[in-house]
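K.L.:
Quick one: the structure is below, questions incoming.
Any read-out appearing in this document is the output of simple, stated calculations on the displayed coordinates, not a laboratory observation. Because the structure is a prediction, the values reported are computed rather than measured. Cβ: placed from backbone, ideal geometry, glycine included. Neighbour counts: every protein chain shown.
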Amino acid sequence: MSNHLIVFSPHHDDAYWQAGGVSLYLKAAGWKVTFITVIGDHYQWGGGTERYREKAEEAARRFGVDHVLCDFKSMEVQGPDRRMAEQFTELIRDLKPTLAITEYPEAVHPDHQGTAINSLRALTKDWYGVPRELPAEVWCYQGYKRYDNPDFSVDVSPWREEIREALWYFDEFGEGEANGLWQNRLGCGMTERFFVAKGNSEKFTRAPELFPGKVFFTETRFTGDIIF
């Protein structure tokens, strides 16, 4: 079976700044990479829904990854949702990932939280709580709310310019560094390090193998329960 990374991206830009570096790293190593954009109807985004969807497709083409665009509306799902979990389950069955990366379930934004909870459920158990037997290792990426205490990080600095270029592509209004959100994303360290909390610890084994010399484990690792 060939190696396949899938990344669940709540919005069209999240996979790039959260997991863009490791995606390019594995792509260069011969992996297939697929980004799954969960929110397909983002009425809150300033460019409008159609422009949002165009950006999502074009960004994936430029980045050289496969792309799946779902049809969920922004703020539609804020917790466990059977329709989202089952759609994710079908995607997982079709894509057959070796490694899956998704949002951390303590995310604050409802779109991010819904993506995290339902993707983790789809990856690890069915709707009724029965554990799944899947080959995929599961990692949760950590944004700037928790990145000071990850389980491990990966040095992705060789790909910083590619990540920055992808982020600038989503800057629809040319605000750039005048926009506080963009300052956070470019300055929070995500273009230098990929920060991870474990998603399924029993399969949490491949990072040193996949990124030799690039993995940094923290002494105090996150030990709380991941609830989903």
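K.L.:
Among 5-17, 94-106, how do they line up from the highest to the lowest mean number of other beta-carbon atoms within 10 Å?
P.N.:
Packing proxy ranking, top to bottom: 5-17, 94-106.
K.L.:
Of the cross-linked pairs K32/K125; K32/K214; K55/K214; K27/K96; K27/K125; K32/K55, which ones have a Cα-Cα span greater than 26 Å in the structure shown? Before the final figure, lay out each step's value.
P.N.:
On the way: K32/K125 24 Å; K32/K214 20 Å; K55/K214 31 Å; K27/K96 16 Å; K27/K125 28 Å; K32/K55 21 Å.
Long pairs (Cα-Cα over 26 Å): K55/K214; K27/K125.
K.L.:
Show me the ranking of peptides 25-38, 72-85 by mean Cβ neighbours inside 10 Å, starting with the highest.
P.N.:
Working: 25-38: 19.5, 72-85: 16.1.
Highest to lowest by the protection proxy: 25-38, 72-85.
K.L.:
Right, something else. So for each of 107-114, 208-215, 48-55 I average, over its residues, the number of other beta carbons within 10 Å; can you give me the resulting order with the highest mean first?
P.N.:
Working: 107-114: 19.4, 208-215: 13.8, 48-55: 15.6.
Top of the packing list down: 107-114, 48-55, 208-215.
K.L.:
Another question about this same structure. Can you work out the Karplus-derived ³J(HN,Hα) for every residue in segment 12-26? Use 6.51 cos²θ - 1.76 cosθ + 1.60 with θ = phi - 60°, whole Hz, and x for glycine or proline.
P.N.:
The phi angles translate into 5, 9, 5, 4, 6, 7, 8, 9, x, x, 5, 5, 5, 4, 6 Hz.
K.L.:
Just to confirm a number: summing +1 for Lys and Arg and -1 for Asp and Glu over residues other than W31 whose beta-carbon lies under 14 angstrom from that of W31, what do you get?
P.N.:
Values: positive: K27, K32, K96, R206; negative: D66, E137, E209.
Surrounding charge for W31 is +1.
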